[in-house]
Amino acid sequence: MKAQTIEGRKFLECLENSLSPFEKFVAKPDIEENLTLVGNRRYLLKEFMKILNENKTKRIIPLLADTGTGKTFFLHQIKQSLEINAPSIFIDVPPNSDIFYYDIYTKVIEMVESSVLQKITRSLADLWGAHEMKYGIFRTGNTLKVLDQAKKTSTFKNCEHQPQLEEVMIVIISHAIDPERSPIAERWLLGDIMDIDELFFLGVENNLSAKFMAEELLHLLSDHLEDGINIMFDDIDKNWQRYSKFDNSDDDFYDEFDDTYQTLTVVDEEENVPNFFEQIVKLLERNKKIKIIISMQTENKDELLSNFPEESQYLINEPIKIANYSTKDAKEYYFEALNLYRKSHGLSPIPNDEFFPLTEKLILLVYEYTLGNPREIIRNFQQIFDEIIFDDTPIEQLEKKYEEKLRK
(Lines give C-alpha, C1' and ligand atoms only; values in the text may rest on other atoms or scores of the structure.)
Protein backbone atom coordinates (compact mmCIF):
# COMPACT_ATOMS: atom_id res chain seq x y z
CA MET A 1 0.00 0.00 0.00
CA LYS A 2 1.30 3.44 -0.91
CA ALA A 3 0.62 6.55 1.14
CA GLN A 4 0.13 9.96 -0.45
CA THR A 5 1.56 11.97 2.46
CA ILE A 6 4.69 11.98 4.61
CA GLU A 7 2.54 11.33 7.70
CA GLY A 8 0.93 8.34 5.98
CA ARG A 9 4.29 6.85 4.97
CA LYS A 10 5.63 7.20 8.52
CA PHE A 11 2.48 5.55 9.83
CA LEU A 12 2.87 2.54 7.53
CA GLU A 13 6.59 2.23 8.31
CA CYS A 14 5.79 2.20 12.01
CA LEU A 15 3.16 -0.51 11.52
CA GLU A 16 5.74 -2.72 9.81
CA ASN A 17 7.87 -2.72 12.95
CA SER A 18 5.34 -2.77 15.77
CA LEU A 19 2.11 -4.34 16.94
CA SER A 20 -0.96 -2.93 15.24
CA PRO A 21 -3.53 -0.77 17.08
CA PHE A 22 -5.78 -3.85 17.36
CA GLU A 23 -3.29 -6.47 18.52
CA LYS A 24 -4.63 -6.57 22.09
CA PHE A 25 -8.39 -6.77 21.94
CA VAL A 26 -9.57 -8.92 24.87
CA ALA A 27 -9.65 -7.33 28.32
CA LYS A 28 -9.38 -9.50 31.45
CA PRO A 29 -9.87 -8.62 35.13
CA ASP A 30 -6.09 -8.26 35.55
CA ILE A 31 -5.45 -6.79 32.07
CA GLU A 32 -7.14 -3.63 30.90
CA GLU A 33 -7.14 -1.58 27.71
CA ASN A 34 -6.38 2.13 27.60
CA LEU A 35 -9.18 3.01 25.20
CA THR A 36 -12.09 5.17 26.30
CA LEU A 37 -15.74 4.19 25.98
CA VAL A 38 -17.70 4.68 22.78
CA GLY A 39 -21.14 6.31 22.69
CA ASN A 40 -23.61 3.73 23.97
CA ARG A 41 -21.13 2.53 26.63
CA ARG A 42 -20.87 6.06 28.02
CA TYR A 43 -24.64 6.07 28.47
CA LEU A 44 -24.50 2.71 30.29
CA LEU A 45 -21.73 3.97 32.56
CA LYS A 46 -23.94 6.89 33.61
CA GLU A 47 -26.72 4.42 34.35
CA PHE A 48 -24.38 2.36 36.52
CA MET A 49 -23.11 5.49 38.24
CA LYS A 50 -26.65 6.43 39.25
CA ILE A 51 -27.38 2.97 40.65
CA LEU A 52 -24.09 2.65 42.52
CA ASN A 53 -24.17 6.16 43.95
CA GLU A 54 -27.85 6.53 44.79
CA ASN A 55 -29.67 3.19 45.10
CA LYS A 56 -29.45 1.86 48.66
CA THR A 57 -31.69 -1.20 48.16
CA LYS A 58 -30.79 -2.78 44.83
CA ARG A 59 -27.28 -3.97 45.66
CA ILE A 60 -26.88 -6.85 43.21
CA ILE A 61 -26.49 -5.41 39.71
CA PRO A 62 -26.42 -7.96 36.86
CA LEU A 63 -24.51 -6.95 33.73
CA LEU A 64 -25.59 -8.87 30.63
CA ALA A 65 -23.70 -9.24 27.38
CA ASP A 66 -23.32 -11.59 24.45
CA THR A 67 -19.93 -13.11 23.67
CA GLY A 68 -17.47 -10.50 22.47
CA THR A 69 -19.44 -7.38 23.40
CA GLY A 70 -16.87 -6.21 25.95
CA LYS A 71 -18.32 -6.71 29.43
CA THR A 72 -14.88 -7.09 31.08
CA PHE A 73 -13.65 -3.92 29.35
CA PHE A 74 -16.79 -2.15 30.59
CA LEU A 75 -16.16 -3.33 34.16
CA HIS A 76 -12.68 -1.78 33.94
CA GLN A 77 -14.36 1.52 33.06
CA ILE A 78 -16.52 1.24 36.18
CA LYS A 79 -13.36 0.61 38.20
CA GLN A 80 -11.62 3.65 36.68
CA SER A 81 -14.58 6.05 36.85
CA LEU A 82 -14.01 9.07 39.06
CA GLU A 83 -17.75 9.76 39.14
CA ILE A 84 -18.59 6.54 41.02
CA ASN A 85 -18.17 7.30 44.71
CA ALA A 86 -17.15 3.89 46.05
CA PRO A 87 -14.02 2.12 44.84
CA SER A 88 -14.68 -0.93 42.64
CA ILE A 89 -12.60 -4.10 42.72
CA PHE A 90 -12.48 -7.36 40.77
CA ILE A 91 -12.75 -10.50 42.90
CA ASP A 92 -12.53 -14.10 41.71
CA VAL A 93 -15.17 -16.51 42.98
CA PRO A 94 -13.66 -17.98 46.18
CA PRO A 95 -13.00 -21.72 45.84
CA ASN A 96 -15.02 -22.75 48.90
CA SER A 97 -17.11 -21.54 51.82
CA ASP A 98 -14.25 -21.89 54.32
CA ILE A 99 -12.28 -19.00 52.82
CA PHE A 100 -15.16 -17.06 51.23
CA TYR A 101 -14.82 -14.09 53.60
CA TYR A 102 -11.05 -14.34 53.90
CA ASP A 103 -10.70 -14.13 50.11
CA ILE A 104 -13.04 -11.15 49.87
CA TYR A 105 -11.63 -9.32 52.88
CA THR A 106 -8.02 -9.59 51.73
CA LYS A 107 -8.95 -8.19 48.30
CA VAL A 108 -10.85 -5.31 49.94
CA ILE A 109 -8.08 -4.46 52.37
CA GLU A 110 -5.56 -4.20 49.50
CA MET A 111 -7.22 -0.97 48.38
CA VAL A 112 -7.35 0.53 51.89
CA GLU A 113 -4.39 2.80 52.59
CA SER A 114 -2.51 2.38 55.87
CA SER A 115 -3.60 5.82 57.06
CA VAL A 116 -7.26 4.96 56.36
CA LEU A 117 -6.93 1.67 58.23
CA GLN A 118 -5.43 3.54 61.19
CA LYS A 119 -8.30 6.01 61.09
CA ILE A 120 -10.87 3.19 61.07
CA THR A 121 -9.32 1.27 63.97
CA ARG A 122 -9.02 4.44 66.03
CA SER A 123 -12.63 5.31 65.31
CA LEU A 124 -13.75 1.84 66.42
CA ALA A 125 -11.54 1.91 69.51
CA ASP A 126 -12.93 5.34 70.43
CA LEU A 127 -16.47 3.96 70.15
CA TRP A 128 -15.42 1.31 72.65
CA GLY A 129 -14.03 3.82 75.15
CA ALA A 130 -10.46 4.47 74.01
CA HIS A 131 -11.27 8.17 73.63
CA GLU A 132 -11.08 8.55 77.41
CA MET A 133 -8.02 10.66 78.06
CA LYS A 134 -5.10 9.54 80.14
CA TYR A 135 -3.67 12.47 82.09
CA GLY A 136 -5.93 14.66 79.95
CA ILE A 137 -3.67 14.25 76.91
CA PHE A 138 -3.42 10.72 75.47
CA ARG A 139 -5.95 7.99 74.66
CA THR A 140 -6.13 5.33 77.34
CA GLY A 141 -3.60 2.57 76.74
CA ASN A 142 -5.55 -0.04 78.69
CA THR A 143 -6.43 -2.60 76.01
CA LEU A 144 -8.40 -4.87 78.35
CA LYS A 145 -10.48 -1.96 79.64
CA VAL A 146 -11.42 -0.96 76.09
CA LEU A 147 -12.15 -4.59 75.20
CA ASP A 148 -14.44 -4.88 78.22
CA GLN A 149 -16.40 -1.86 76.96
CA ALA A 150 -16.48 -3.27 73.42
CA LYS A 151 -18.05 -6.51 74.70
CA LYS A 152 -20.91 -4.51 76.21
CA THR A 153 -21.97 -3.15 72.80
CA SER A 154 -24.93 -4.48 70.85
CA THR A 155 -22.51 -5.40 68.06
CA PHE A 156 -20.89 -7.95 70.34
CA LYS A 157 -24.00 -9.09 72.20
CA ASN A 158 -25.89 -9.79 68.94
CA CYS A 159 -22.97 -11.54 67.24
CA GLU A 160 -23.24 -15.25 66.42
CA HIS A 161 -19.47 -15.67 66.59
CA GLN A 162 -18.50 -13.92 69.81
CA PRO A 163 -15.16 -15.73 70.41
CA GLN A 164 -13.97 -14.74 66.92
CA LEU A 165 -15.27 -11.18 67.23
CA GLU A 166 -13.50 -10.81 70.58
CA GLU A 167 -10.16 -11.66 68.97
CA VAL A 168 -10.87 -9.25 66.10
CA MET A 169 -11.62 -6.53 68.66
CA ILE A 170 -8.37 -7.24 70.52
CA VAL A 171 -6.34 -6.75 67.32
CA ILE A 172 -8.24 -3.58 66.35
CA ILE A 173 -7.73 -2.07 69.79
CA SER A 174 -4.03 -3.01 69.80
CA HIS A 175 -3.61 -1.43 66.37
CA ALA A 176 -5.28 1.77 67.54
CA ILE A 177 -3.80 2.38 70.99
CA ASP A 178 -0.85 0.05 71.66
CA PRO A 179 2.35 1.42 70.03
CA GLU A 180 4.27 -1.78 70.82
CA ARG A 181 1.77 -4.16 69.23
CA SER A 182 0.42 -1.85 66.50
CA PRO A 183 2.84 -2.96 63.71
CA ILE A 184 2.14 -6.66 64.17
CA ALA A 185 -1.57 -5.93 64.58
CA GLU A 186 -1.53 -4.19 61.20
CA ARG A 187 0.04 -7.24 59.59
CA TRP A 188 -2.73 -9.39 61.08
CA LEU A 189 -5.37 -6.95 59.81
CA LEU A 190 -3.83 -7.13 56.32
CA GLY A 191 -4.30 -10.90 56.31
CA ASP A 192 -0.68 -11.94 56.90
CA ILE A 193 -0.28 -15.38 58.46
CA MET A 194 1.25 -15.14 61.95
CA ASP A 195 3.25 -17.87 63.69
CA ILE A 196 2.35 -19.04 67.19
CA ASP A 197 4.77 -16.67 68.95
CA GLU A 198 3.44 -13.66 67.05
CA LEU A 199 -0.15 -14.60 67.86
CA PHE A 200 0.78 -14.99 71.55
CA PHE A 201 2.41 -11.55 71.55
CA LEU A 202 -0.71 -10.09 69.97
CA GLY A 203 -2.93 -11.76 72.56
CA VAL A 204 -4.99 -13.93 70.20
CA GLU A 205 -5.09 -17.61 69.23
CA ASN A 206 -6.20 -17.41 65.61
CA ASN A 207 -5.05 -16.01 62.31
CA LEU A 208 -7.47 -14.00 60.21
CA SER A 209 -7.82 -17.05 57.95
CA ALA A 210 -9.59 -19.02 60.69
CA LYS A 211 -13.33 -19.61 60.39
CA PHE A 212 -15.53 -16.53 60.96
CA MET A 213 -12.60 -14.18 61.71
CA ALA A 214 -12.57 -12.37 58.36
CA GLU A 215 -16.39 -12.33 58.29
CA GLU A 216 -16.52 -10.39 61.56
CA LEU A 217 -13.65 -8.07 60.62
CA LEU A 218 -15.18 -7.28 57.22
CA HIS A 219 -18.44 -6.37 58.93
CA LEU A 220 -16.69 -3.87 61.21
CA LEU A 221 -14.47 -2.48 58.46
CA SER A 222 -17.12 -2.01 55.75
CA ASP A 223 -19.33 0.03 58.06
CA HIS A 224 -16.49 2.54 58.39
CA LEU A 225 -15.63 2.82 54.69
CA GLU A 226 -17.15 6.20 53.94
CA ASP A 227 -18.37 5.41 50.43
CA GLY A 228 -18.59 1.64 50.77
CA ILE A 229 -17.19 -0.67 48.10
CA ASN A 230 -18.32 -2.26 44.84
CA ILE A 231 -17.31 -5.89 44.30
CA MET A 232 -17.26 -7.15 40.71
CA PHE A 233 -17.56 -10.85 39.84
CA ASP A 234 -16.82 -11.20 36.12
CA ASP A 235 -18.26 -14.08 34.07
CA ILE A 236 -20.15 -15.33 37.10
CA ASP A 237 -22.06 -17.84 35.00
CA LYS A 238 -18.78 -19.56 34.07
CA ASN A 239 -17.01 -19.25 37.43
CA TRP A 240 -19.52 -19.75 40.23
CA GLN A 241 -19.44 -23.53 39.87
CA ARG A 242 -15.82 -23.62 41.00
CA TYR A 243 -17.18 -22.72 44.43
CA SER A 244 -17.56 -25.65 46.82
CA LYS A 245 -19.27 -25.75 50.18
CA PHE A 246 -16.23 -27.46 51.63
CA ASP A 247 -12.52 -27.41 50.98
CA ASN A 248 -11.83 -30.69 49.21
CA SER A 249 -8.60 -29.59 47.56
CA ASP A 250 -4.93 -29.90 48.32
CA ASP A 251 -4.29 -26.31 47.34
CA ASP A 252 -0.70 -25.14 47.69
CA PHE A 253 -2.09 -22.15 49.60
CA TYR A 254 -2.47 -24.36 52.67
CA ASP A 255 0.81 -26.21 52.20
CA GLU A 256 2.76 -22.97 51.90
CA PHE A 257 2.34 -22.13 55.56
CA ASP A 258 2.68 -25.71 56.89
CA ASP A 259 1.41 -25.89 60.47
CA THR A 260 1.53 -22.09 60.75
CA TYR A 261 -1.62 -21.83 58.64
CA GLN A 262 -4.71 -21.68 60.76
CA THR A 263 -6.79 -24.83 60.23
CA LEU A 264 -10.31 -23.86 59.34
CA THR A 265 -13.28 -25.12 61.30
CA VAL A 266 -15.22 -27.75 59.37
CA VAL A 267 -19.00 -27.73 59.60
CA ASP A 268 -20.32 -31.27 59.81
CA GLU A 269 -23.72 -30.84 58.23
CA GLU A 270 -23.59 -29.68 54.64
CA GLU A 271 -27.12 -28.30 54.74
CA ASN A 272 -25.95 -25.71 57.28
CA VAL A 273 -23.33 -24.35 54.88
CA PRO A 274 -24.62 -21.67 52.46
CA ASN A 275 -24.00 -22.06 48.75
CA PHE A 276 -22.34 -19.29 46.76
CA PHE A 277 -25.52 -17.31 46.11
CA GLU A 278 -26.65 -17.60 49.73
CA GLN A 279 -23.22 -16.39 50.80
CA ILE A 280 -23.58 -13.33 48.58
CA VAL A 281 -26.95 -12.52 50.14
CA LYS A 282 -25.57 -13.02 53.65
CA LEU A 283 -22.62 -10.78 52.80
CA LEU A 284 -24.95 -7.99 51.66
CA GLU A 285 -27.37 -8.35 54.54
CA ARG A 286 -24.57 -7.88 57.07
CA ASN A 287 -22.66 -5.24 55.11
CA LYS A 288 -24.99 -2.49 53.94
CA LYS A 289 -22.26 -0.50 52.20
CA ILE A 290 -21.23 -3.30 49.85
CA LYS A 291 -22.68 -3.68 46.36
CA ILE A 292 -22.13 -6.58 43.97
CA ILE A 293 -21.84 -6.40 40.18
CA ILE A 294 -22.12 -9.75 38.42
CA SER A 295 -21.47 -10.09 34.70
CA MET A 296 -22.84 -12.98 32.64
CA GLN A 297 -23.93 -14.11 29.20
CA THR A 298 -27.42 -12.85 28.35
CA GLU A 299 -28.67 -16.35 27.64
CA ASN A 300 -27.77 -17.50 31.18
CA LYS A 301 -29.57 -14.70 33.01
CA ASP A 302 -32.76 -16.49 34.10
CA GLU A 303 -31.04 -19.68 35.19
CA LEU A 304 -28.34 -17.89 37.13
CA LEU A 305 -30.50 -15.29 38.89
CA SER A 306 -32.96 -18.00 39.96
CA ASN A 307 -30.16 -19.40 42.18
CA PHE A 308 -30.55 -16.47 44.55
CA PRO A 309 -32.99 -17.25 47.39
CA GLU A 310 -36.52 -16.08 46.65
CA GLU A 311 -36.63 -13.85 49.72
CA SER A 312 -33.54 -11.98 48.47
CA GLN A 313 -34.91 -11.02 45.06
CA TYR A 314 -35.56 -7.49 46.33
CA LEU A 315 -31.78 -6.98 46.32
CA ILE A 316 -31.45 -7.59 42.58
CA ASN A 317 -31.51 -4.63 40.24
CA GLU A 318 -33.07 -4.87 36.79
CA PRO A 319 -30.30 -6.38 34.61
CA ILE A 320 -28.39 -3.95 32.39
CA LYS A 321 -27.37 -5.19 28.97
CA ILE A 322 -24.42 -4.16 26.81
CA ALA A 323 -25.51 -4.00 23.18
CA ASN A 324 -23.41 -4.49 20.06
CA TYR A 325 -21.77 -1.48 18.46
CA SER A 326 -23.69 0.88 16.23
CA THR A 327 -21.98 2.08 13.04
CA LYS A 328 -21.11 5.29 14.88
CA ASP A 329 -19.59 3.27 17.73
CA ALA A 330 -17.51 1.18 15.31
CA LYS A 331 -16.04 4.27 13.65
CA GLU A 332 -15.46 5.95 17.01
CA TYR A 333 -13.58 2.88 18.26
CA TYR A 334 -11.46 2.81 15.10
CA PHE A 335 -10.53 6.49 15.46
CA GLU A 336 -9.76 6.10 19.16
CA ALA A 337 -7.50 3.08 18.57
CA LEU A 338 -5.60 4.90 15.81
CA ASN A 339 -5.23 8.07 17.87
CA LEU A 340 -3.86 6.09 20.82
CA TYR A 341 -1.43 4.27 18.52
CA ARG A 342 -0.18 7.50 16.92
CA LYS A 343 0.20 9.14 20.32
CA SER A 344 2.21 6.22 21.74
CA HIS A 345 4.54 6.23 18.69
CA GLY A 346 4.89 9.99 18.27
CA LEU A 347 3.06 10.09 14.93
CA SER A 348 0.99 12.92 13.47
CA PRO A 349 -2.60 12.60 12.16
CA ILE A 350 -3.01 11.99 8.43
CA PRO A 351 -4.12 15.24 6.71
CA ASN A 352 -7.47 15.10 4.90
CA ASP A 353 -7.88 11.32 5.42
CA GLU A 354 -9.12 10.46 8.90
CA PHE A 355 -9.84 6.81 7.96
CA PHE A 356 -6.32 6.04 6.63
CA PRO A 357 -5.16 3.35 6.07
CA LEU A 358 -8.74 2.01 5.73
CA THR A 359 -11.74 3.68 4.12
CA GLU A 360 -15.13 4.52 5.56
CA LYS A 361 -16.67 2.07 3.09
CA LEU A 362 -14.48 -0.80 4.31
CA ILE A 363 -15.23 -0.03 7.97
CA LEU A 364 -18.97 -0.12 7.26
CA LEU A 365 -18.58 -3.41 5.37
CA VAL A 366 -16.74 -4.89 8.35
CA TYR A 367 -19.49 -3.64 10.65
CA GLU A 368 -22.18 -5.24 8.54
CA TYR A 369 -20.27 -8.51 8.24
CA THR A 370 -19.73 -8.80 12.02
CA LEU A 371 -23.24 -7.59 12.94
CA GLY A 372 -21.62 -4.99 15.16
CA ASN A 373 -19.97 -7.45 17.56
CA PRO A 374 -17.02 -5.51 19.06
CA ARG A 375 -14.65 -8.45 19.38
CA GLU A 376 -15.28 -9.58 15.81
CA ILE A 377 -14.92 -6.02 14.50
CA ILE A 378 -11.54 -5.72 16.17
CA ARG A 379 -10.40 -9.14 14.93
CA ASN A 380 -11.33 -8.19 11.38
CA PHE A 381 -9.53 -4.84 11.69
CA GLN A 382 -6.45 -6.76 12.83
CA GLN A 383 -6.65 -9.14 9.86
CA ILE A 384 -7.10 -6.27 7.42
CA PHE A 385 -4.11 -4.39 8.83
CA ASP A 386 -1.99 -7.53 8.46
CA GLU A 387 -3.05 -7.91 4.83
CA ILE A 388 -2.31 -4.25 4.11
CA ILE A 389 1.10 -4.21 5.78
CA PHE A 390 2.50 -7.67 5.11
CA ASP A 391 0.69 -8.73 1.92
CA ASP A 392 0.40 -5.27 0.39
CA THR A 393 -3.25 -5.97 -0.44
CA PRO A 394 -5.00 -3.00 -2.13
CA ILE A 395 -7.94 -1.45 -0.28
CA GLU A 396 -10.18 -1.98 -3.30
CA GLN A 397 -9.48 -5.71 -3.18
CA LEU A 398 -10.31 -5.84 0.52
CA GLU A 399 -13.59 -3.98 -0.06
CA LYS A 400 -14.50 -6.45 -2.79
CA LYS A 401 -13.60 -9.36 -0.50
CA TYR A 402 -16.04 -8.18 2.18
CA GLU A 403 -18.77 -7.48 -0.34
CA GLU A 404 -18.45 -11.09 -1.47
CA LYS A 405 -18.57 -12.31 2.14
CA LEU A 406 -21.82 -10.41 2.67
CA ARG A 407 -23.39 -11.87 -0.44
CA LYS A 408 -22.72 -15.36 0.93
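The values are calculated or read from the model by the stated rules, or taken from the named source; none is laboratory data. Because the structure is predicted, anything quoted here is derived from the model rather than measured. Every residue, glycine among them, receives a Cβ derived from its backbone with ideal geometry; neighbour counts consider all protein chains shown.
Scanning segment 197-236 for residues being more than 18 Å from I60 (Cα to Cα), within 24 Å of the chain's Cα centre (by Cα) and β-branched (V, I, T) gives a total of 0.
Let's see how each residue does on (1) among the polar types (S, T, N, Q); (2) surrounded by fewer than 17 Cβ atoms within 10 Å (Cβ to Cβ); (3) within 17 Å of E23 (Cα to Cα); (4) within 26 Å of the chain's Cα centre (by Cα):
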{"position": "Q313", "(1), (2), (3), (4)": "yes, yes, no, yes"}
{"position": "D353", "(1), (2), (3), (4)": "no, yes, no, no"}
{"position": "P357", "(1), (2), (3), (4)": "no, no, yes, no"}
{"position": "E360", "(1), (2), (3), (4)": "no, yes, no, no"}
{"position": "L365", "(1), (2), (3), (4)": "no, no, no, no"}
{"position": "L371", "(1), (2), (3), (4)": "no, yes, no, no"}
{"position": "F385", "(1), (2), (3), (4)": "no, no, yes, no"}
{"position": "E396", "(1), (2), (3), (4)": "no, yes, no, no"}
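So that you can scan it fast, the table gives a plain yes or no per residue for (1) at pLDDT 95 or above; (2) part of a helix (DSSP H, G or I):
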{"position": "A176", "(1), (2)": "no, yes"}
{"position": "P179", "(1), (2)": "no, no"}
{"position": "I184", "(1), (2)": "yes, yes"}
{"position": "D197", "(1), (2)": "yes, yes"}
{"position": "F201", "(1), (2)": "yes, yes"}
{"position": "L217", "(1), (2)": "yes, yes"}
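Rundown of residues vs (1) within 23 Å of I389 (Cβ to Cβ); (2) in contact with a Ser or Thr (Cβ under 9 Å, 6 or more places away or on another chain); (3) not hydroxyl-bearing (S, T, Y), yes/no style:
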residue	(1), (2), (3)
L304	no, no, yes
P319	no, yes, yes
A323	no, yes, yes
T327	no, no, no
L338	yes, no, yes
H345	yes, yes, yes
S348	yes, no, no
P357	yes, no, yes
L364	yes, yes, yes
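If you check E54, E83, E110 for being surrounded by fewer than 17 Cβ atoms within 10 Å (Cβ to Cβ), assigned by TED's automatic domain parsing to the domain that holds F308 and of a type in the set (D, E), only one passes: E110.
Residue by residue through segment 333-371, note down the ones that are under 19 Å from K401 (Cα atoms) and either assigned to a loop (DSSP other than H, G, I, E, B) or among the small types (G, A, S) (or both).
Scanning segment 333-371 gives F355, F356, P357, L358, T359, L371.
In a residue-by-residue description of segment 313-327, the property of being free of Cβ contacts under 8 Å to residues at least 40 places away in the same chain and closer than 30 Å to E396 by Cα applies to no position.
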